[in-house]
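To keep things clear, I will list the structure first and then write my remarks on it.
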Amino acid sequence: MATLRLENLTKHFGGLVAVNNVTFEVAEQEILGIIGPNGAGKTTLTSLVAGTLQVSGGRIVFEGKDVTKSPAHLRVRMGISRTFQTVRPLKDFTALENIMVGALFARGESLGKAKERAYQVCQLLEFDRAERYPDRLTVFELKKLEIARAIVSDPKILFLDEIMAGLNFEEMKQMINIVRSLRDRGVTICVIEHVMSVINELTDRVIVLDRGEIIAQGPYQEVSQNRRVIAAYLGEEG
Amino acid sequence: MKRIFNLYTFFLLLLVVVALVRPYAFFYGLQRGSLYSLIALPLALILGIVGLLNLAHGDFLTLGLYIGYILFNQFKFDPILSMIFIAPILFVIGLAVYKSTIEKVLKSHHLNLLLITFGVSITLVELINSLWTSRPRNVYVTYATKSISLFGISIGAYEFLYVAASIAVLLVIMLVLKKTRFGQAAFAVGQNPRGAAIVGINVKLVYTITFSLATAMMAVSASLMMPRVSIFPNLGGPFTMKSFCLTAMAGLGNLPGILLSGITLGIAEAIVQSIPGYSGWSDLVFFGVLILVIAFRANRGAER
Amino acid sequence: MKTLSIIAVLALAIILPFIADIYLIHVVSTIMIFMCLALSWDMMLRTGQLSFGTAGFFGLGAYAAIIAVDDFNVNPVMSIFVGAVFAALTSFGLGIAVLKLREMYFAITTLALTSVFTVLARNLSDLTGGAAGKILFNAIFDGDPKKTYWLILSFTIVVIVLSEIFERTRVKYAISSIRNDELVAKSSGINIFKYLLIVFVITSAIQGAAGAIYAQQYAFVEPDSTFSANFLLLPIAMALVGGIYSTIGPIVGALVLGFTSEYLKLLMPYGHLIIYGIIIVLTVIFLRKGVYGTIMEKIRSK
């Protein structure tokens, strides 16, 4: 059974169609890449699945249950988690407390347990600035914090929205290892990414979105040769 | 947009029907509603362009009224003519208040903006209170008390000035926004301040001028209503609320909508007032509508 | 050290009626009422929602308590619970609609609520006594200032404890997350609406109870003075001066401004409230963290 199934998912903002009739499945422990030019609807798709945006049409089925109407906070508790494209740390909290929030509310743990769990996640990500406030963290550390907060809830499926942006080569390599280790722990992962080398290295399969529609899917090697995909990317530049 | 327009048409039709049954409420409400709109327009401008809800809005009106009262009392100035003096004075006061307080927190959290205009409001009210005490003041001119007969009822003639003035002020504002360079700049800033700054508009200056001009505009409503109200320090508060109510009902940036909502609510208020024994409930019309309209809009605008 | 000083302050507060004159007892009682309002306003602010409804729920509690005693023969002390419960129930019903709103829409709607309550109090004459209000024969505890003082002190302690619960438990993590970033809060599994409603109801209950006590102390309610803007203005000024988002801030602010205003009242009978307006403006511009917060920051950075 697929972990996540989207059926004819559609979202429009007024007259603008952001996601149009998108249907696909994500298998358990798969790493799926979602690519496409800017404005293709990738982040909107993530928000629809996470429940921070309401769908205009279609269904979202997670582990056999229809979650289309579930509020966002319940979806996290069920196991759908996401990072944000631009890092959004809670500035009044230390990094550790930022992570704790997820454990406290998505898993319903006590303060002590949540703290313990937050430390475990920090260790897993080799994040050692847990006591600092977000304004004193580097970009790489903020990205790690973003991931830490998303995985502390022990998700079954994780949407990573452009976690490589702004990282150098060394940091990207570390990030790739982190994503792989998450998959090995049983997490299904959707990676939204502009860095194609990362997509190539990491994903089992990709889906290409353009103007809210799926224009191609399959292994990256195959899709990258697809003429529509090339046209879509060229169109963006031209 | 079209649906909202239809809603208004429906409302107005309903009110016309009511007008036939209760003509007095219709005319009285038309006059009151126009005055409310006249007062609401500057608030809507500041909200639309500066993005600031000025909780001291009505208190600038009070201030204008007291200035007019002094001009009348000390120098026998005609209330309507005194507009030309009140406007520049209010402009300077608005400018001073804006520069010394609001501008300093404009970029910080929205809570600070609300709190600072709240603080300014209290300061103005209490300043007025300590200068002139809470004793009500009145300005009496004979021409303001004449009434005329319309469709068999007697109604104040002077108050039709409110209707004329609100239409005139609305037209002037819309012309300025469309035709002048400042107006176009202000419009652009209201739409997208960052974009406006990029194309070289001095956003800071636009904010300053908008706030000061809008404050000066309160001279029109102050002068006109002066002969018809008792002037006291807390007069402004309800007008701030009513102005916001109209702006929220019309939707941001919809200036003609303010006039339409103003008249609608003015008439609704007058109808409630005309029911014997229930006149005290008329204040609830605005608040009821405010809460309904805002809640309705918030529910639809909840997702981003 | 900290525990010791808390015990010392508490002991002093308890024995105050034995060592102070009636006037001081009275002043401290009033300050504590405002302290509770300031704390409740701040507790709501910690969720990121600026409420102007403080005076409204205060007046609501006051009316409920006076009516309970006058028309239903409820014991005056019990009537305080009536005031709290009535404010809580009202805020629960209103909260379901109002708490969908944010920023200025929330602020102005709560401000409008106070006016609505005032209109109701003025017009439901059979129940509320209309514009004249209602007067009881007897103040609470037959007007004994010492007993009244202890009652207010116990209430204040309850409010302080509540505020500390908001600061030390998971509630803090929920409401601070909501204040910082609602999208992240939602995505971390926080039921935003539930927490906003809980905080709104609890703070309104505090305001209602404060109003009930105040009304029983003076044995009357009247639309204009019971819903007076003072019960909104002073608490805000106190919390801002002391420092928002904390328990100690509003406490310090209430003490500082409370004692100052006693002298101001004597100095300028008309418009002494102008000081509060100016204080709000100045603290918002210059002291974002309030007096206490700024001092603590200076001490820490040394």
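Derivation of every value follows stated rules applied to the coordinates shown; laboratory data play no part. The structure presented is a predicted model; accordingly, all values stated were derived computationally and were not measured. We place every Cβ from the backbone using ideal geometry, glycine too, and count neighbours over all the protein chains shown.
Just give me a number: lysine pairs in segment C:23-228, eight or more positions apart or cross-chain, with C-alpha atoms less than 25 Å apart. Lysine pairs meeting the criterion: 8.
Per residue of B:65-77, count partner chain C-beta atoms within 10 Å of its C-beta, then hand back the mean as an integer. The partial results should precede the final answer.
Numbers: counts 0, 0, 0, 0, 0, 0, 0, 0, 0, 0, 0, 0, 0.
Average per residue, whole number: 0.
Estimated from helical segments only, the mean residue ellipticity of chain C at 222 nm is -26000 deg cm²/dmol, where each DSSP H run of four or more residues counts as -39500 (n - 2.57).
Count the net charge of all other residues whose Cβ sits under 12 Å from the Cβ of residue B:238, scoring Lys and Arg as +1 and Asp and Glu as -1. All intermediate terms of the calculation are to be shown ahead of the outcome.
Values: positive: B:242; negative: B:59, B:269, B:283.
Residues close to residue B:238 contribute a combined charge of -2.
Entry note, chain B: the mean residue ellipticity at 222 nm calculated from DSSP H runs of n ≥ 4, each adding -39500 (n - 2.57), is -23500 deg cm²/dmol after division by the residues and rounding to the nearest 500.
Size descriptors for segment B:141-184 (Cα atoms only): Rg and Dmax, in that order, 16.2, 49 Å.
Of all aspartates and glutamates in the structure, the ones whose alpha carbon falls short of 14 Å from that of residue A:115, not counting any fewer than 8 places away in one chain, are A:97, A:131.
Taking a ≥ b ≥ c as the square roots of the eigenvalues of the Cα gyration tensor of segment A:87-154, is the shape rounded (a/c under 1.5), prolate (a/b larger than b/c) or oblate? Display every interim value, and only then the final one.
Values: a/c = 1.73, a/b = 1.53, b/c = 1.13.
Verdict is prolate for segment A:87-154.
Helix content alone sets the calculated 222 nm mean residue ellipticity of chain A: runs of n ≥ 4 DSSP H residues at -39500 (n - 2.57) each, divided across all residues, give -11500 deg cm²/dmol. Most fluctuating residue of A:62, A:93, A:159 in a GNM of chain A with Cα springs under 10 Å: which is it? Of the options given, A:93 has the highest mean-square fluctuation. Straight-line reach from residue A:42: which lysines have Cα under 19 Å away, leaving out those fewer than 8 places along the same chain? Result set, ordered by chain and number: A:11, A:143.
The relative contact order of chain C comes to 32 percent, based on Cα pairs under 8 Å that sit 6 or more residues apart.
As a proxy for reagent exposure, B:26, B:75 were ordered by neighbouring Cβ count within 10 angstrom, fewest first; the result is B:75, B:26.
Based on the alpha-carbon set only, what is the convex hull volume of segment C:187-249 divided per residue, in Å³? Walk me through the numbers on the way to the answer.
Numbers: hull volume 7.6 nm³, N = 63.
Spelled out: Cα convex hull of segment C:187-249, divided by residues, is 121 Å³.
If you rank C:41, C:150 by fewest surrounding Cβ atoms within 10 Å, what's the result? Display every interim value, and only then the final one.
Working: C:41 25, C:150 17.
Going from sparsest to densest Cβ surroundings: C:150, C:41.
In order along segment C:146-154, the Karplus-derived 3J(HN,Hα) couplings, from 6.51 cos²θ - 1.76 cosθ + 1.60 at θ = phi - 60°, round to 5, 4, 4, 4, 5, 4, 5, 4, 4 Hz, and Gly and Pro are given as x. For the pair segment C:158-199 / segment C:279-296, the C-alpha centres are spaced 24 Å from each other. Listed by chain and number, the aspartates and glutamates placed with their C-alpha closer than 12 angstrom to that of residue A:173 are A:201; residues fewer than eight positions away on the same chain are left out. Orientation-averaged projection of chain C equals 16.8 nm² [convex hull of Cα atoms, one quarter of hull surface area]. Put in line by how crowded their Cβ is, counting other Cβ atoms within 10 Å and starting with the fewest, C:36, A:122, B:245 read A:122, B:245, C:36.
If you count Lys pairs in chain B whose Cα atoms are under 16 Å apart, skipping same-chain pairs closer than 8 places in sequence, the total is 4.
Whole Å is fine, so just give me how far the alpha carbon centre of segment A:1-25 lies from that of segment A:205-224. Their Cα centres are 15 Å away from one another. With each label modelled as a point 7 angstrom along the Cα→C-beta vector, the residue B:76-residue C:72 pair spans 6.3 nm. Here is the list for segment B:1-102: trypsin sites (Lys or Arg not before Pro) lying in DSSP coil, each with at most 16 other C-beta atoms within 10 angstrom of its C-beta, are B:76. Oblate is the label for the protein assembly as shown. Its Cα gyration tensor axes, ordered a ≥ b ≥ c, give a/c of at least 1.5 and b/c at or above a/b.
Is chain B rounded, prolate or oblate when judged by the Cα gyration tensor, a ≥ b ≥ c being the square roots of its eigenvalues, rounded requiring a/c under 1.5 and prolate requiring a/b larger than b/c? Oblate, since a/c reaches 1.5 and b/c is not below a/b.
Taking each residue of B:99-111 in turn, how many C-beta atoms of other protein chains fall within 10 Å of its C-beta, and what is the average? All intermediate terms of the calculation are to be shown ahead of the outcome.
Numbers: counts 0, 2, 4, 2, 1, 4, 4, 0, 0, 3, 5, 6, 10.
Partner Cβ neighbours, averaged per residue: 3.
Of B:210, B:142, B:101, which is the most mobile in a GNM of chain B whose springs link Cα atoms less than 10 angstrom apart? Among B:210, B:142, B:101, the largest GNM mean-square fluctuation belongs to B:142. Per the Kirkwood formula applied to alpha carbons, segment C:58-208 shows a radius of gyration over Rh ratio, Rg over Rh, of 1.04.
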